[in-house]
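The values are calculated or read from the model by the stated rules, or taken from the named source; none is laboratory data. Everything numeric here is computed off the predicted structure, so don't read it as measured data. All Cβ positions, glycine included, derive from the backbone under ideal geometry; neighbour counts span all protein chains shown. Note: areas computed on protein heavy atoms with side chains; ligands, DNA, RNA excluded. Shrake-Rupley method; radii C 1.70, N 1.55, O 1.52, S 1.80 Å.
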Amino acid sequence: MEGTDRLGDAALWRGVVDASPDAVLLVDEEGLIVSANSHCLEVFGTHPDELVGRPVEALVPAAVRQHHPRRRASFEGVHGGRPMGLLQLAAARADGSEFPAEISLAKVSTEDATYVCATVRDVSSRVLEQERFRSLLEAAPDAMVIVDESAEIVLVNRQVVNLFGYEPDELLGRPIETLVPERYREGHHALREGFLGRPGVRPMGSGRELYAARKDGSEFPVEISLSPLLTEEGILVSAAVRDITERLRLQREADRLRDELVATVSHELRTPLTSIIGYVELMMDLDDDAISAPARRMLEVIERNASRELRLVNDLLDLSSIDVTTVEEPQRVSLGSVARSCAEGAGVAALTKSVPVSVQVPPGLVVEGDPQRLAQVVDNLVVNALKFSSPGTEVVVAGGREGGDVWLEVRDRGTGVSEEELPRIFDRLFRSADAVRDQVPGAGLGLTIARAIVDAHRGRITATSTLGEGTTVRVVLPEAPSEIEETG
């Protein structure tokens, strides 16, 4: 019966080994193969019966065959060497061709002897995919940085060397914040957690400037695209990083040339337009005997259109004359005073539309800047709000503090802006479809001028809107330091 049990155990063992998807070999202390499962045929190209009795070195590439007995002896349980876990090695087929293999070793002991069980998996397809992915990564024109769910860098391409100054090995295992300027690192944690919460292909930098940090600490403007990669180990995030320093320089140069052209053309247009309006006004002052009623109506059309064109020319001149980087001779400006003055100036328009303007700006909100330019910002926002407000509603000018900044916003309960058009409302000459349809007066420059002035004051301007409910435009500016009275 004991022999029958042993035969049953052997059959069971053979069935278990043959059920494995990998090649399984049993090697004795002398390095001879004593058993091999059926999958050895497809992995090594040799029938398992032909492998039995052969040295395991027959399955090792010829170049390293002579060193294999020493490596085999280092496995625990054979000669008391160190234990070895999962190995990534090359193996050899019957025809001598090599293939990448993943090998797992385990000690098997009986009453009579000790064996090593080797499980061998052909990972050629996986390695090929990895090499293909690496080739695509290296072929990318941008620096590619791949991070895991803990935001540690796991893979980069050679473009990273040119862009950031790091060798690839210097970045592996380090947090992605290594490439983020120090002043932005604290806020970057929240941004990446937000992306991992809703992973998806996403461009970054639209509507705001992004910066990266080189190895020497210098910063440069970048454009970043993020893509999630689903793997067996979890989500990886691929970031394509592009240096846009040269693009921004060319854009600034193009803007400068365009503004010079606009200013030149506008100056040339303003003189004849002013002359036309002046002569029309003189003719309109003539009595009815000197000018007929039809002619007077024609003059009114001429005056209306010429005045409209002159307003457009003045807006273009305003836009081209604003220095988007500096404010000359800045003064301390009270936002509350500016808001109240602008509300008073809009009184006639507010009364005509039956839309009162309410000012809710507390005292003490002071910034440093050009008072006339800042008043122009609030004027443009209030006038814009009045244009799109429905009778019986209200325009509110409010203000407050936000950290080391102060804010002022203009809210209306008018027609609102659609989600598709909202990102474009600060673009030059942009007019919404509703404004065009309803023939709302304006050239689409008011918000553009406001943004240019706010930028020049080192601030930011944003807008939120709900179609049919209204719009809020918010301006945030650095608060001026408190004045300290000197005492003698």
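Below are the figures for this structure:
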| read-out | value |
| --- | --- |
| Residue selected from region 93-112 under the condition closer than 23 Å to VAL123 by Cα and hydroxyl-bearing (Ser, Thr, Tyr), by the criterion surrounded by the most Cβ atoms within 10 Å (Cβ to Cβ) | SER104 |
| Qualifying residue in region 407-423 (condition: assigned to a helix (DSSP H, G or I), open to solvent by 20 Å² or more (accessible area, probe 1.4 Å), at pLDDT below 85 and among the hydrophobic types (A, V, I, L, M, F, W, C)) | yes |
| Filter result for SER307 (assigned to a helix (DSSP H, G or I) and either open to solvent by 60 Å² or more (accessible area, probe 1.4 Å) or modelled with pLDDT of 85 or more (or both)) | no |
| Some residue of region 241-253 being crowded, with 16+ Cβ neighbours inside 10 Å and over 15 Å from the mean Cα position of the chain (by Cα) | no |
| Where ASP148 falls short, out of the listed (1) of a type in the set (Asp, Glu); (2) at pLDDT 90 or above; (3) under 15 Å from VAL237 (Cβ atoms) | (2) |
| Residue check, VAL397 in contact with an Asp or Glu (Cβ under 8 Å, 6 or more places away or on another chain), open to solvent by less than 10 Å² (accessible area, probe 1.4 Å) and under 21 Å from GLU469 (Cα atoms) | yes |
| Residue list for region 264-289, restricted to those being assigned to a helix (DSSP H, G or I), more than 16 Å from LEU312 (Cα to Cα) and open to solvent by 80 Å² or more (accessible area, probe 1.4 Å) | TYR279, GLU281, LEU282, MET283 |
| Qualifying residue in region 141-158 (condition: under 17 Å from the mean Cα position of the chain (by Cα), at negative phi and either open to solvent by 80 Å² or more (accessible area, probe 1.4 Å) or not hydrophobic (A, V, I, L, M, F, W, C) (or both)) | yes |
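Listed here are the residues, each with its yes/no results for (1) touching a residue at least 12 places away in the same chain (Cβ under 8 Å); (2) of a type in the set (A, V, I, L, M); (3) within 18 Å of ASP142 (Cβ to Cβ).
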| residue | (1), (2), (3) |
| --- | --- |
| PRO228 | yes, no, yes |
| ALA240 | yes, yes, yes |
| LEU257 | no, yes, no |
| GLU268 | no, no, no |
| THR271 | no, no, no |
| THR274 | yes, no, no |
